[in-house]
Structure formats: C-alpha cells, structure tokens
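Scroll down for the structure; my scribbles are underneath it.
The values are calculated or read from the model by the stated rules, or taken from the named source; none is laboratory data. Here the structure is a predicted model, which means the values were calculated and not measured. Every residue, glycine among them, receives a Cβ derived from its backbone with ideal geometry; neighbour counts consider all protein chains shown.
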Amino acid sequence: MKKIFKTKKAMVIGAGGGHLTEALLATESLIIPRVIVTFKLPHTSISLKDEVCYFVVDPHKNLLKFFFNAIQSLILVVKIRPCVVINTGGGISIACSLCAKLLGAKLVFIESGARVITPSRTGKFLYRFSDLFIVQWSNLLQYYPNAVYGGVLI
C-alpha cells in the first residue's frame, strides 16, 4: 500500500473551536503539507483562509449526519491519501480517522487539553486504533496506559 502515497500529506482533523486550535498548534511545524478537516463555522472560514481546508458535516449525536459524515470522510481520504492523520477529537474525526487507517495511514490522536480528569468519548473509541496516543494531562495515563504524556498545548 505504500505506493499509493505519491506526495506525503498529513490530514489534520479537529472540531471547531478548541479542538481545531490544538490541532493547528500541534502541527504548525510539520515538514510535510497539512490538509485541515473540520466543520464550517463563521470564524473557521476566516482563520483558515491560507490553509488547504475541507469542511465536513458535524454529526453531533445524529445517526443520519454521522452516515453523511462517513461518506464525506471516505471521499476525502481517497482524494487526499494522507500518510498520517493527526486528530484532536470531536465527533467529526471518527469516520475520517478510521477510513484513513483502513487505507494504511498512521493515526495520531491528541486528547483534548480540556480533558483533565476523564477521557473523551472520541478518545476512548479511537485509542485502540491509534498508532500514537498523546495525553496533555498525566493523570489520564490511568485510562490510556499505552499513551504518551505530551504536556499541555495551550
């Protein structure tokens, strides 16, 4: 499967707001091109104007929207062919992450800095699929024993 990646790209996924801010901070020094995947909010279009960015539907606890998000995600992953997915969570990230993983991409998940005491639902789900799982608070290592403590991004 290595031959399908003509140009190495990182797919950076984060829900709007803090998740996206953390994703952008974590990937600002990448040496390969990054492609941002998020959902559209008034401020995201403006703040990402200089980035390669794709907007997907936010499935927020809605099965029909999750199905539509999964189709969008599959199309994006096939189009972009990322070698790595860097994900800071939110419901929009599950389908993209799994599609990319199935096509051979590495998956890096960064648990939200807002998660100080308990793990997120997205983190709990994607932990088992992640090649690298990073927590921003050391006490979360009790929930994610194979995670790496990376310190707080923001």
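Which of the residues belonging to the range 27-48 are at pLDDT 90 or above and surrounded by 15 or more Cβ atoms within 10 Å (Cβ to Cβ)? Residues satisfying the conditions are Thr27, Arg34, Val35, Ile36, Val37, Thr38. Only a single item in (1) touching a Phe, Trp or Tyr at 6+ places or on another chain (Cβ under 7 Å); (2) of a type in the set (D, E, K, R); (3) buried (at least 19 other Cβ atoms within 10 Å of the Cβ) is not met by Glu111, and it is number (1).
Give the range 2-22 a look and list any residue that's closer than 16 Å to Lys106 by Cα and either surrounded by 14 or more Cβ atoms within 10 Å (Cβ to Cβ) or in contact (Cβ under 8 Å) with a residue 40 or more places away in the chain (or both), or say none.
Selection gives Lys2, Ile4, Phe5, Lys6, Lys8, Lys9, Ala10, Met11, Val12, Ile13.
Checked against the criterion of being among the hydrophobic types (A, V, I, L, M, F, W, C), part of a loop (DSSP other than H, G, I, E, B), closer than 22 Å to Gly123 by Cα and touching a Lys or Arg at 6+ places or on another chain (Cβ under 8 Å), the range 45-56 has no qualifying residue.
Condition check ((1) at negative phi; (2) of a type in the set (Val, Ile, Thr); (3) modelled with pLDDT of 95 or more) across all residues:
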position: Val56; (1), (2), (3): yes, yes, no
position: Cys83; (1), (2), (3): yes, no, yes
position: Ser97; (1), (2), (3): yes, no, yes
position: Thr118; (1), (2), (3): yes, yes, no
position: Lys124; (1), (2), (3): yes, no, yes
position: Arg128; (1), (2), (3): yes, no, yes
position: Ile134; (1), (2), (3): yes, yes, yes
position: Leu141; (1), (2), (3): yes, no, yes
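Conditions (1) under 28 Å from Thr7 (Cβ atoms); (2) over 14 Å from the mean Cα position of the chain (by Cα), marked per residue:
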site	(1), (2)
Ile31	yes, yes
Ile36	yes, no
His60	no, yes
Pro82	yes, no
Ile92	yes, no
Val108	yes, no
Thr118	no, yes
